[in-house]
Structures are given as C-alpha cells and as structure tokens.
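Input: a single structure, listed below in structure tokens.
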Amino acid sequence: MSVLTRRKLLQSAAAVSAAGIGLSAAGKFAGWAAPTPEPLVLKTASIEARLMDGAPTKNVLTYGEAGMPPVVRMRKGEPFAARLINGIDDPTTIHWHGIRVPNKMDGVPFLIQPYVYQGDHFDYAFTPPDAGTFWYHPHCNTLIQMGRGLTGVIVVESPKDPAFDAEMVINLRDWRLGDDGQFIEAFRPRDAAKAGTFGTLRTANWLEQPQFDAPAGGLVRLRAAITDVTRIYAFRVDGAEAAVIALDGNPVPQRFTPDALQIGPGQRLELAIRMPDEEGAIVSLRDVRGTKPKVVATLRSVGKSLKHDLRDLGPLEANPVPEVDLSGAGRIPLALSATAENVSADSICGSLGYSFWAINKVPWPGDTPDPTAPLAELKLGKSYIIDMKNLTPHAHPIHLHGMSFKVLSSSTRPVQPLVSDTYLIQPDEKVQLGFVADNPGDWLLHCHIIEHQKTGMTSYFRVV
Ligand code: C2O
Ligand code: CU
C-alpha cells in the first residue's frame, strides 16, 4: 500500500479545481451568483465489508459504494458543495466537524435542518475558512450510524502549506463485532455511565494495523482523525523523529514530540515524521493508553534516502480565527457532572433511553424534537470565556460547533494557546476556553463520547 505522494496530491488538487471551474445551474442568477462547484455526491449505503478474518461484516454503513467513506478534499477559501443522498433505511444528516460553516449547513437535525429520509437528499454548500484536518459524520442516531461506519476524514488544503514528501490520512476507529464478525449490541448501559462502551476491533482506515510505504529520509505529513464513538488515544511514535504540527485543524504554536499525547473522539492530530534513512526501517504509531500499548499503524521506509530534515519544515499558516477580547469577555460557567436522575428521554434521534450525565446539573435530552432552551444566549460579535470544570472521574472530549476557541488556561497543567473545536477535559480539571461569538445561529456543545452525548451531555448556545 503506498501513501499519497506529493505528485498524486497535486494531481488531485488539479482535478478539484478543474471541477470548481464548471459553473452549475447557470439559471437566472448566473449573472451575479458566486460560482458553485459541481457537488460531491455522498450517498449513504449499507454494505458488506471485510473488517476481520472470516466472514464479511453485514450492515456496515458508508458513503459511496465500497469500503471506507472517502477522504473529502476541500481548499481553504474556495466554495465547496456536496449532495447527501440517503440510501439507507434510517434518517440522516451530515455534520462537518470543526469547519466553521454557516448555521444552516451544520447538519444538526431538528435544531437546524430537517431529517433526510431514505431516498431524499440535502445540498450542503459552504466555503471552508480554515485549512487543516477535519471530519464528517451524521448527527442523528449516531451511536448506530457512526458506530457502523459513517465517519470520514476531511482535508482542507492551503496553497501556503509547506511541502512534504508524502502525506498519509488515517481514520482511526473501532467496531463492536462478535466472533462471527457481525455487529453486537452498540452499548452497555453500565459502561455508558462510565467511560463508554469500547469496540472489540481497532482499525486504521478500516484495516488492522496497516503498513504504509513512505520515502526513506523523507518528511511525511500524517493526518489522523479519531472518529471512534468512545476511545481516547495516547500517541507515541517509535522508530523516527516526529513532531506534532497541528491539533484539531489548527497549527500548534510550538511543535513538540508526541509522548503519550492524549487525543479524544472527534479530535485530529497532525504529525510531521522524518522517515529513517535505511530502506525497510519501520516506524510505528502507537497508542500507549491503558495497560496494553497497541500499534495503530506502521510506516516502512522505501527507496534511497531523501536526506530531508524536520527542522527545514516551514510553519503552517494560522487560521483566521478572531482574537478573544479578554477584558470585555462574558463568562459562561459550565460544570460537567454525573446525574442521579434517570429519566428516559424521547428516543426519536437515537437517545439511548437513559440519562447519566449533566451540564450545569441538567441532563439534557440531546437532539430531540422538543423545544429545549439554549444553555446560554450569546451576543453576536462579543467575546466569551467558558469556565469549564469536570466533576466526574472520566475524561470528556467537549466539542463546540460553529466557532473555534482558544485554550487559555488549565488548573492541572501548562497549556499552549491551542485553537480548537474539541477540548479533552480530564477528571478534576478546570479549564478556560475563550472565543468570539461571531457566527449567528444555534450551536451544539456536547461530549463526543457518543454515549455521554446521548445520555445528557449535550446542550447548545444561541448566538444572536
Ligand atoms: Cu463531531 Cu456534534 O459533532
Ligand atoms: Cu463524556
């Protein structure tokens, strides 16, 4: 298996921009409307896929006809369009995780857009303002739809990206399969009340511990997205020099070596890896969380050494995220806790029938059709600081839709001023996240451990 080389990358970029030139729907608005690219068709399908040895797994869900959902490539500042066609017998939508889209394009059913029923379609169109690694997934009945395969990676390219010798995009996720290779129950309530229910099979790009070839002595840009519904990783790279260059779609202010770097569901890691000089040398990406460290994927050096140097790698351009005005910022206290209340909420959008978790003492019903009031109403254009504390013994990857925040401080560790859409808050940690409420609409804030999201840890901000 070979990685995407720079030449192939350039070719695919050319293909994308060629498609972008074609004006679609040259109707009466053609005189002034911005050119809309040909929409990328993302059609949900139920397929059989070979995930483990033995019988193929039935009822695997994907976009497209075969295998893993495609890596979707966009270009920073250029219009993108996609048509979701629902080919499965379950209503769905697409959420573009981490991309700062207009509210109408955010893909949250009920709150923002209607469900897309079997045979129906919905057109998404937006211009990604930020370059980096993002991902896409449904936003309803997600424990089933994402758990069975509907999670794909997005790469937003920038012409200012530094040159690498190769790029590798990996989609990290688990599957809950029995010995016969078929899906077993999606979750166990007693686990949902703890760290969540883990998968039985771990994969990278739907493969168990895949190996990829990369040029010896070359610089590889590895983009990894954790699209699993539950698992938190702790990354280390063995056998090569590696540096974290971006997290959650944004360049890190200071590059560092990943040493058990924790990344939760919904988050993305970008590494620059300098391949060893010797042909055949193996580099491994490992998850060292928990008692049994695991190899996630490996890279094998091929060819004559390119003799490149990690220190020659240019910086990534910062994304145009507005600066928080700390002095005039409003405060939003946010306490994450367990709840004793055990209301069984409406199950229309995949609620699990339990409530175990709460934000500010409220076990939120989640994405239900009930008119639920927002957690806070924010003033358009004003700066805010979320004062978030974790009163539970578990870590939670808390995700905000529609706006990026900056990590200002943590009570337990020194933090870089990272710009992100998802913060993995540890037990007993208090953290301050600053952002400008510059995007009008209703924006979800939830834990990305889907069982937590669906049993109380979901709410939303209204920006008006
Ligand atoms: Cu990755 Cu509310 O989503
Ligand atoms: Cu959680």
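Of all residues in region 106-121, count the ones that are in a loop (DSSP other than H, G, I, E, B) and closer than 13 Å to residue 85 by Cα. Steps first, answer last, please.
Initial filter on region 106-121 (in a loop (DSSP other than H, G, I, E, B)): 106-108, 110-112, 114-115, 117-120.
Cutting the leftovers down to closer than 13 Å to residue 85 by Cα gives us 115, 117-120.
So the answer is 5.
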query = Taking only pairs six or more apart or across chains, which ones have beta-carbon atoms under 9 Å, a first residue in region 390-414 that is over 24 Å from residue 339 (Cβ atoms), and a second residue that is of a type in the set (Ser, Thr, Tyr) and open to solvent by less than 10 Å² (accessible area, probe 1.4 Å)?
reply = 404/420; 405/420; 406/420; 407/420
remark   = In region 237-268, anything more than 16 Å from ligand 1 (Cβ to nearest atom) and assigned to a loop (DSSP other than H, G, I, E, B) is listed as 239, 240, 257, 258
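Can you tell me which residue among 304, 292 is of a type outside the set (Phe, Trp, Tyr), surrounded by fewer than 21 Cβ atoms within 10 Å (Cβ to Cβ) and under 26 Å from residue 427 (Cβ atoms)? Even if it seems obvious, please write down each step before you answer.
Details: 304 fails: under 26 Å from residue 427 (Cβ atoms).
Going through 304, 292 in turn, the sole match is 292.
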inquiry  = Let me confirm something: among 234, 224, 186, 297, which residue is aliphatic (A, V, I, L, M), under 28 Å from residue 148 (Cα atoms) and part of a loop (DSSP other than H, G, I, E, B)?
reply    = 186
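For every residue, the table says whether it meets (1) in a strand (DSSP E or B); (2) open to solvent by less than 40 Å² (accessible area, probe 1.4 Å); (3) more than 30 Å from residue 302 (Cα to Cα).
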| position | (1), (2), (3) |
| --- | --- |
| 134 | yes, yes, no |
| 143 | no, yes, yes |
| 147 | no, yes, yes |
| 160 | no, no, no |
| 163 | no, no, no |
| 170 | yes, yes, no |
| 181 | no, yes, yes |
message = For a quick check of your reading of the model, give me the residue pairs whose first member lies in region 346-371 and is acidic (Asp, Glu), whose second is modelled with pLDDT of 80 or more and in a loop (DSSP other than H, G, I, E, B), with beta-carbon atoms closer than 9 Å and at least 6 apart or on different chains.
response = 367/108; 367/110; 367/111; 367/139; 367/140; 367/454; 370/110
note = Residues of region 410-464 being assigned to a strand (DSSP E or B), away from ligand 1 (no atom under 16 Å from the Cβ), of a type in the set (Gly, Ala, Ser) and closer than 26 Å to residue 129 by Cα, in sequence order, are 434
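Residue-wise test of (1) more than 22 Å from residue 241 (Cβ to Cβ); (2) in the same structural domain as residue 143 (by TED's automatic domain parsing); (3) modelled with pLDDT of 95 or more.
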{"position": "264", "(1), (2), (3)": "yes, no, yes"}
{"position": "277", "(1), (2), (3)": "no, no, yes"}
{"position": "284", "(1), (2), (3)": "no, no, yes"}
{"position": "291", "(1), (2), (3)": "yes, no, no"}
{"position": "319", "(1), (2), (3)": "yes, no, yes"}
{"position": "344", "(1), (2), (3)": "yes, no, no"}
{"position": "358", "(1), (2), (3)": "yes, no, no"}
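The values are calculated or read from the model by the stated rules, or taken from the named source; none is laboratory data. Predicted model only: the values in this text are computed from it and were never measured. When we count neighbours, we look across all protein chains shown, and the Cβ atoms used for this are built from the backbone with ideal geometry, even at glycine. Heavy atoms of the whole protein, side chains included, go into the accessibility calculation; ligands, DNA and RNA do not. Shrake-Rupley method; radii C 1.70, N 1.55, O 1.52, S 1.80 Å.
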